[in-house]
Each structure stands twice: as C-alpha cells, then as structure tokens.
1. Which of the following residues is among the polar types (S, T, N, Q) and surrounded by 13 or more Cβ atoms within 10 Å (Cβ to Cβ): THR25, THR33, THR63?
2. Which numbered condition trips up ALA125, out of (1) modelled with pLDDT under 95; (2) assigned to a strand (DSSP E or B); (3) more than 22 Å from the chain's Cα centre (by Cα); (4) of a type outside the set (D, E, K, R)?
3. Tell me, yes or no, whether region 84-97 has at least one residue that is of a type in the set (Lys, Arg), at pLDDT below 90 and either loosely packed, with under 12 Cβ neighbours inside 10 Å or touching a strand residue (DSSP E or B) at 6+ places or on another chain (Cβ under 6 Å) (or both).
4. Enumerate the pairs (first residue in region 77-100 and over 19 Å from GLN9 (Cβ atoms) and polar (S, T, N, Q); second residue anywhere and modelled with pLDDT under 95 and in a loop (DSSP other than H, G, I, E, B)) with beta-carbon separation below 6 Å, excluding pairs fewer than 6 apart on the same chain, so at least 6 apart or on different chains.
5. So which of GLN137, GLN118 is polar (S, T, N, Q) and not in a strand (DSSP E or B)?
6. Would you check if ALA54 is in a loop (DSSP other than H, G, I, E, B), of a type outside the set (Val, Ile, Thr), at pLDDT 85 or above and within 18 Å of the chain's Cα centre (by Cα)?
7. Tell me which residues, restricted to region 128-138, are within 24 Å of the chain's Cα centre (by Cα) and among the aliphatic types (A, V, I, L, M).
Amino acid sequence: MIDLRQILQDKRNLLDRQLAEAKFTRDHAATPTESHSDKTRQNAEQLMDTLNDAKKKLQSLETGLNKLPPFSNTATANTLITLRTPLGVKNFLLVPDGFGGQTIGDTFLLSVSSTLAQSFLNKKAGYTFSFNGGVYQIIFLNPNK
C-alpha cells in the first residue's frame, strides 16, 4: 500500500522548508536603496510566489484524493496494477494527475492521463494491449487501501 496522503504531506513539508528559507533570504537581503545591482531580494520574492503556487496545487490535489472512486476490479485511479511488459513484470499505481512520475519501492506511480495508463484504463485483469511496439498484459489488479 502506498499512502498518497503521506506523499502530499512530505511534499508540503518540503515546500514549507523552502518557503522559510526564501523568506529568510528575502528579509536579510539588501534593499533596493542599499544596493542597486543586488537582485537577491527580488529573486527570493519570485521564489516565494512560485512556492505558494505549488502549495495551492497540493491543496487541490488533496481535494482530488477525497474524490477517488472505490475499487471495482478495473484499472482506475488508486489501483495497484501488475503488468507483464516486454522487459518483465512491473508494478504500477494509477494515481491522479500531479502524483505520477516517481517510484516508491518497486512501484511506479503512473498518472491516469499518461499515454500508457490511457492504454488500459478501465480494463480488467487479463487485458492485453500494444504500446510502443511491445505487448503488455494486466496480470493483477488490487486496491490501494
């Protein structure tokens, strides 16, 4: 089981630390009247704006977690999937947009909007499909509790 809420919390904690560093840098940088060429304060402000936008995105992702469908023996969001691939057997967790692209243990988090996920979304175990010239098959589907 992979706890998506914990992943969000870890990302939020990282953003909070980065935001605190950016605030410290901004508050201790030279003011425009003290130094005309120092851009440290301006860069820190821009970084803070970007980090605050990222925090808002995390909040919307958390809202999306509450709307995940229940497990229905088909490949949907929050389903652990074992695929037979041309390179061997691989484990995936279908996740909402914004969570994909990282590996936890031996499980790759695959966004439901990715091209690979679209190939087998809403299919049952045993489904065979072609992707990038290779043949893939869903071996197991399990709920991510």
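The values are calculated or read from the model by the stated rules, or taken from the named source; none is laboratory data. Here the structure is a predicted model, which is why all the values come from computation and not from measurement. Glycine gets a Cβ as well: all are built from the backbone with ideal geometry, and neighbour counts include every protein chain shown.
1. Among THR25, THR33, THR63, only THR25 is among the polar types (S, T, N, Q) and surrounded by 13 or more Cβ atoms within 10 Å (Cβ to Cβ).
2. (2)
3. no
4. ASN91/ASP106
5. GLN118
6. no
7. ILE138
To keep it simple, each residue is scored yes or no on (1) touching a residue at least 12 places away in the same chain (Cβ under 8 Å); (2) among the β-branched types (Val, Ile, Thr); (3) more than 30 Å from PHE92 (Cα to Cα).
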residue	(1), (2), (3)
LEU8	yes, no, no
LYS11	yes, no, no
HIS28	no, no, yes
PRO32	no, no, yes
MET48	yes, no, yes
